[in-house]
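> Below is a structure I'd like to ask you about.
The values are calculated or read from the model by the stated rules, or taken from the named source; none is laboratory data. Given the structure is predicted, the values throughout are model-derived calculations rather than measurements. Cβ sites come from the backbone with ideal geometry, for glycine too, and all protein chains shown count toward neighbours.
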Amino acid sequence: MIDKILIATDGSDSAHEVLQLGLDLAGEQDAETFVLHVAPRVVAIPCVSFAKATPTIPHKLTEHDRKPLHEALEIAERRGIVVETELLQGNPAYEIVTYADTIDADLIVVGSCGHGAVASAAIGSVSRGVLLESRRPVLVVRGPHVAAGVPARAAVR
């Protein structure tokens, strides 16, 4: 039985698929549902420089950062599902796993953008990071954007 589900979202189209599947599971299991969005702690400043380090400035939370959570609340409300939302800043994989531990989640639901091995190695993969760091069950959702015309697929570790 799943008592608590954590759904991670970044507000993208693929995250919408994650949210839908997570809410389906929450409704079926009558689970307490949490939706989390992780915003960056710093923002890189675009510049031409020969320095090895890219200059950054602190990221101040804005309505843009809260938008995925507002959308999740609206969707859940239309489906009659009560959700708690949380906005954090930092490394997404680390924050997702830490928050899941804090609320004692029975399942973490995350998305996979399907970047492929090379792109994921270069830019990182939140779903891969969550899979590697979590001691809790993780459901990785790959939506139809990965392969046109293919229905959403999910994999559980």
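> Among the numbered criteria (1) of a type outside the set (Ser, Thr, Tyr); (2) surrounded by fewer than 13 Cβ atoms within 10 Å (Cβ to Cβ); (3) out of contact with any Leu (no Cβ under 8 Å at 6 or more places or on another chain); (4) at pLDDT 95 or above, which one does residue 52 miss?
Result: residue 52 passes all but (4).
> Quick one: in the stretch 12-32, which of the residues that are charged (D, E, K, R) and surrounded by fewer than 16 Cβ atoms within 10 Å (Cβ to Cβ) is nearest to residue 66 (Cα to Cα)?
Result: 13.
> Quick one: which residue in 22, 80, 11, 27 is within 22 Å of residue 142 (Cα to Cα) and more than 16 Å from the chain's Cα centre (by Cα)?
One residue alone meets the criteria, 27.
> Can I ask one more? Out of (1) in a helix (DSSP H, G or I); (2) surrounded by fewer than 21 Cβ atoms within 10 Å (Cβ to Cβ), the odd one out for residue 86 is which?
Exception for residue 86: condition (1).
> Moving on. Which is at pLDDT 90 or above and either farther than 22 Å from residue 41 by Cα or surrounded by 20 or more Cβ atoms within 10 Å (Cβ to Cβ) (or both), of 151, 137?
It is 137.
> Of the residues that sit in the stretch 61-83 and are of a type in the set (Val, Ile, Thr) and either free of Cβ contacts under 8 Å to residues at least 40 places away in the same chain or assigned to a strand (DSSP E or B) (or both), which one is surrounded by the fewest Cβ atoms within 10 Å (Cβ to Cβ)?
Here the residue is 62.
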